[in-house]
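The values are calculated or read from the model by the stated rules, or taken from the named source; none is laboratory data. Worth saying up front: this structure is predicted, and the values here are computed from it rather than measured. Cβ: placed from backbone, ideal geometry, glycine included. Neighbour counts: every protein chain shown.
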Amino acid sequence: MASERAQGSGSGCSGAKAGDAPIDRAHLARYTLGNAALEREVLDLFCTQSLSYLEQLRAATTRTALCEAAHSLNGSARAVGAWRMARAAECVEASSDNARAEERTAHIAELEASLQEAMTFIAEMGGPDRA
């Protein structure tokens, strides 16, 4: 979708852009065809799966496992319009083998923070209680 391309195609590894909401409600509404029950179901799946992928990322012992978990988080975030989280996951995925440990740790911390922010936003909008 156009908003997804506009929001998610930059490869800068910085945090949230001005005006970014944790979840792009307009994108989500288009994705769920405006069906509120489907929106809640998609958000519930997002929360559950994201926590699982985050655990996989934390437990990763190889670059491949790390990239696979980050890639899954990136896709999940883009599906619901969590653009900040998608950018953070992209940074983790793109970090090179020779990236400093501190740099990789900072990208993972940004990913964790953006996921928590999205989950809090979802809980506050009446979605699944995962915050």
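Do you know which residues across segment 28-56 are within 18 Å of Ile108 (Cβ to Cβ) and of a type in the set (S, T, N, Q)? Within segment 28-56, Gln49, Ser50, Ser52, Gln56 meet the criteria.
The rows are residues; the columns are (1) touching a strand residue (DSSP E or B) at 6+ places or on another chain (Cβ under 8 Å); (2) at negative phi; (3) surrounded by 19 or more Cβ atoms within 10 Å (Cβ to Cβ); (4) hydrophobic (A, V, I, L, M, F, W, C).
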{"residue": "Ala29", "(1), (2), (3), (4)": "no, yes, no, yes"}
{"residue": "Asn35", "(1), (2), (3), (4)": "no, yes, no, no"}
{"residue": "Leu45", "(1), (2), (3), (4)": "no, yes, no, yes"}
{"residue": "Gln49", "(1), (2), (3), (4)": "no, yes, no, no"}
{"residue": "Leu66", "(1), (2), (3), (4)": "no, yes, yes, yes"}
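Looking at segment 112-130, is at least one residue closer than 19 Å to Cys13 by Cβ, over 11 Å from the mean Cα position of the chain (by Cα) and of a type outside the set (Lys, Arg)? Taking every residue of segment 112-130 in turn, none turns out to be closer than 19 Å to Cys13 by Cβ, over 11 Å from the mean Cα position of the chain (by Cα) and of a type outside the set (Lys, Arg). Only one of the listed residues (Ala94, Ala59, Ala88) is over 13 Å from His107 (Cβ atoms) and not hydroxyl-bearing (Ser, Thr, Tyr). That residue is Ala59.
The single condition from (1) touching a Lys or Arg at 6+ places or on another chain (Cβ under 6 Å); (2) surrounded by fewer than 23 Cβ atoms within 10 Å (Cβ to Cβ); (3) farther than 14 Å from Cys13 by Cα that Ser95 fails is (3).
Would you confirm whether any residue within segment 19-28 is at pLDDT below 90, over 19 Å from Val80 (Cβ atoms) and outside any helix (DSSP H, G or I)? Checking segment 19-28: not a single residue is at pLDDT below 90, over 19 Å from Val80 (Cβ atoms) and outside any helix (DSSP H, G or I). When Asp44 is tested against (1) in a helix (DSSP H, G or I); (2) at pLDDT below 95, just one condition goes unmet, and that condition is (2). Residue pairs whose Cβ atoms lie under 8 Å apart, sitting 6 or more positions apart in sequence or on different chains, and linking a residue in segment 103-127 that is closer than 17 Å to Ala79 by Cβ and part of a loop (DSSP other than H, G, I, E, B) to a partner that is at pLDDT 90 or above and of a type in the set (A, V, I, L, M, F, W, C), are Met125/Ile23; Gly127/Leu43; Gly127/Cys47.
Look at (1) closer than 17 Å to Asp20 by Cβ; (2) touching a Ser or Thr at 6+ places or on another chain (Cβ under 7 Å); (3) not small (Gly, Ala, Ser) and you find that Tyr53 fails only one, number (1). On the basis of being surrounded by fewer than 20 Cβ atoms within 10 Å (Cβ to Cβ), at pLDDT 95 or above and of a type in the set (Val, Ile, Thr), does Thr62 make the cut? It is false that Thr62 is surrounded by fewer than 20 Cβ atoms within 10 Å (Cβ to Cβ), at pLDDT 95 or above and of a type in the set (Val, Ile, Thr).
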